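Trainee: Can you read through this structure? Questions will come right after.
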Amino acid sequence: QVELVESGGGSVQAGGSLRLSCTASGYSYCMGWFRQAPGKEREGVTAIYTGGYTYYADSVKGRFTTSRDNAKNTVYLQMNNLKPEDTAMYYCAADRSRCSLNGANFRAWGPGTQVTVSS
């Protein structure tokens, strides 16, 4: 089982930026970012294949960018123009065979990092 650890969360004013990182203990075909706010369902934010192809939720397109460094088993999430609606716990996830924004396809999850965006 791959172990994941996120970092880079914090508090920021609306319009600001944060860069999240997730380092895995091993290689995964697909790595993704999900988020969950209190009272809401988990939402797929982005996913990236080993070759670099990406998927984004409509709510973050044009603002968030994901990338990965396969040599380091690390995936990044650059979040720009943050909005209060982006406030959530952000989780990194990995899957060995599929890649999508469906959390059910991911088998390994990190403990999460909190992102708080104030008005």
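The values are calculated or read from the model by the stated rules, or taken from the named source; none is laboratory data. Computed from a predicted structure; not experimentally measured. Neighbour counts are summed over all protein chains in view; Cβ atoms, including those assigned to glycine, are modelled from backbone coordinates with ideal geometry. When the accessible area is computed, the model is the full protein with side chains, heavy atoms only, and any ligands, DNA or RNA have been set aside. Shrake-Rupley method; radii C 1.70, N 1.55, O 1.52, S 1.80 Å.
Trainee: Quick one: 3J(HN,Hα) in Hz for segment 29-46, Karplus 6.51/-1.76/1.60 with θ = phi - 60°, rounded, Gly and Pro as x.
Mentor: Values per residue, Gly and Pro as x: 4, 10, 10, x, 10, 10, 9, 8, 9, x, x, 10, 6, 5, 10, x, 9, 7 Hz.
Trainee: Next up: From the phi of every residue in segment 94-103, what ³J(HN,Hα) in whole Hz does the Karplus formula 6.51 cos²θ - 1.76 cosθ + 1.60 yield, where θ is phi - 60° and glycine or proline is x?
Mentor: With coefficients 6.51, -1.76 and 1.60, one gets 9, 9, 9, 9, 9, 8, 6, 9, 8, x Hz.
Trainee: Here is a follow-up. Can you compute the modelled spin-label distance between Lys72 and Arg98, with each label point 7 Å from Cα toward Cβ, in nm?
Mentor: The modelled label-to-label distance comes out at 3.0 nm.
Trainee: Taking a ≥ b ≥ c as the square roots of the Cα gyration tensor eigenvalues, with a/c under 1.5 meaning rounded and otherwise prolate when a/b beats b/c, else oblate, which class fits segment 53-119?
Mentor: prolate
Trainee: Moving on to the next point. Rolling a 1.4 angstrom probe over the protein heavy atoms, how many square angstrom per residue are accessible across segment 19-70?
Mentor: Per-residue accessible area for segment 19-70 comes out at 50 Å².
Trainee: Set Lys and Arg Cβ to +1 and Asp and Glu Cβ to -1, take the dipole of the chain about its Cα centre, and tell me which of Gly44, Ser28, Gly10 lies farthest positive.
Mentor: Ser28
Trainee: I'd like the distance separating the alpha-carbon centroids of segment 89-103 and segment 19-47, in whole Å.
Mentor: Segment 89-103 and segment 19-47 have Cα centres spaced 6 Å from each other.
Trainee: Taking square-rooted eigenvalues a ≥ b ≥ c of the alpha carbon gyration tensor, is the chain rounded, prolate or oblate, where a/c under 1.5 means rounded and, failing that, a/b exceeding b/c means prolate?
Mentor: It is prolate, given that a/c is not under 1.5 and a/b is the larger ratio.
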